[in-house]
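First comes the structure, then the notes that go with it.
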Amino acid sequence: MRDFSGRVAVVTGGASGIGRALGARFAAEGMRVVLADVEKSALDMTVADLRREGGAVTGISTDVSKQESVCALADEVYATHGAVHVLCNNAGIGTDETRSRIWDSPANDWTWAFRVNVWGVLHGIKAFVPRMLAGGEEGHIVNTSSANGGLYPLPTTPIYATTKAAVTTITEVLHHQLRMARSKIRASVLFPGPHIVATNIFDAARNRPADLPSERTGTPPPTLDDVRRMAEQAGMEFSVTQPKEVADYTVEALQQDRFWILPRGGRTDEAVRARIESILDRSAPPPLGM
Ligand SMILES: NC(=O)c1ccc[n+]([C@@H]2O[C@H](COP(=O)([O-])OP(=O)(O)OC[C@H]3O[C@@H](n4cnc5c(N)ncnc54)[C@H](O)[C@@H]3O)[C@@H](O)[C@H]2O)c1
């Protein structure tokens, strides 16, 4: 998609981090932007900030883990704007699993992560794609995965990595099916990075649903600063990526119609290559760091 001006973008998880940066960038491109988020106060603040900067931005409270909530979002967007051209299924959470092994990981954590990270993406596709196809216009679906799981799983985060592997596969299948349907809608998978992106994801528990309480006790989950300290103590280089950089290369990828929205840098290419080699060699997956 080359022409963004006047078109409509919907971004889930739009109140914070990468979603907020995507919304800001789409607004700067002249799009009408709808941010959807479960965190009402943060959503209101983000919408007010982006409007102050001149963006045509609105917010709709949405819980992507609930099909009826995402359908209501689609109804409202179509009633107001009549079309959607870019849909970013971006809302996502991470659970506190750095000390977790699969065999003792809590069921509530798996359920919560699948509801938001996987069902959230599916609900978005099911609520919007049929209407986008019926509209007959050019459009693009961007699903936010993660290099962690979406390309190779880090052993420290089994739940998160598994959900993001699902997001990559869902998007790849969606891409093929849209092509087979000869539609004007494209699909892409976004891997934010190349380093940890400085967002509020380390505080994702703020939006944990009451019906899935944490079964963990003891020390609280690590913050971004904790991760920085751990990396430095392990003698590893630690860098962060800013959300704006992710939004910038996402827009560039949409303009160039790229499926894999994958930044260069960091250790990603090396890790992907090593994993593919191990598959072709029929050998064990290569060890991966934190
Ligand atoms: N930060 C990183 O380093 C990184 C790396 C790879 C992938 N990602 C992915 O990027 C996406 C955005 O995360 P972020 O890093 O900007 O974190 P963030 O916490 O800053 O933003 C996530 C947003 O999603 C919202 N959200 C959570 N549950 C929701 C629900 N049920 N319904 C609607 N909205 C909900 C939150 O309120 C928040 O505004 C996620 O899918 C995440 O997995 C992040």
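The values are calculated or read from the model by the stated rules, or taken from the named source; none is laboratory data. Keep in mind it's a predicted model, so treat the numbers as computed, not measured. Heads up, the Cβs are rebuilt from the backbone with ideal geometry, glycines too, and the neighbour counts pull from every protein chain shown.
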Test: residue in the stretch 29-37 that is among the charged types (D, E, K, R), crowded, with 23+ Cβ neighbours inside 10 Å and within 10 Å of the ligand (Cβ to nearest atom): yes
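Residues checked against (1) in a helix (DSSP H, G or I); (2) closer than 18 Å to R131 by Cα; (3) free of Cβ contacts under 8 Å to residues at least 40 places away in the same chain:
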{"residue": "G6", "(1), (2), (3)": "no, no, yes"}
{"residue": "V11", "(1), (2), (3)": "no, yes, no"}
{"residue": "G14", "(1), (2), (3)": "no, no, no"}
{"residue": "R20", "(1), (2), (3)": "yes, no, no"}
Count of residues meeting criterion [within 14 Å of the ligand (Cβ to nearest atom), in contact with a Lys or Arg (Cβ under 9 Å, 6 or more places away or on another chain) and either assigned to a strand (DSSP E or B) or modelled with pLDDT under 95 (or both)] in the stretch 39-63: 2
Residue within the stretch 92-113 that is within 13 Å of the ligand (Cβ to nearest atom), within 26 Å of A253 (Cβ to Cβ) and touching a Gly at 6+ places or on another chain (Cβ under 6 Å) present: no
Residues that are within 16 Å of the ligand (Cβ to nearest atom) and either assigned to a loop (DSSP other than H, G, I, E, B) or surrounded by 15 or more Cβ atoms within 10 Å (Cβ to Cβ) (or both), drawn from the stretch 221-235: P221, P222, T223, L224, V227, R228, A231
Inter-residue pairs, beta-carbon under 7 Å, first in contact (Cβ under 8 Å) with a residue 40 or more places away in the chain and over 26 Å from G266 (Cβ atoms) and in the stretch 180-193, second surrounded by fewer than 16 Cβ atoms within 10 Å (Cβ to Cβ) and among the aliphatic types (A, V, I, L, M), 6+ apart: S183/L133; I185/L133
Checklist (1) surrounded by fewer than 18 Cβ atoms within 10 Å (Cβ to Cβ); (2) more than 20 Å from Y160 (Cβ to Cβ); (3) among the small types (G, A, S); (4) within 16 Å of the ligand (Cβ to nearest atom) applied to A284, failing item: (4)
Some residue of the stretch 112-135 being polar (S, T, N, Q), surrounded by fewer than 22 Cβ atoms within 10 Å (Cβ to Cβ) and either under 26 Å from T163 (Cβ atoms) or out of contact with any Leu (no Cβ under 7 Å at 6 or more places or on another chain) (or both): no
Flag if R186 is basic (K, R) and closer than 25 Å to G6 by Cα: yes
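Do we find that V70 is crowded, with 24+ Cβ neighbours inside 10 Å and within 14 Å of the chain's Cα centre (by Cα) in this structure?
no
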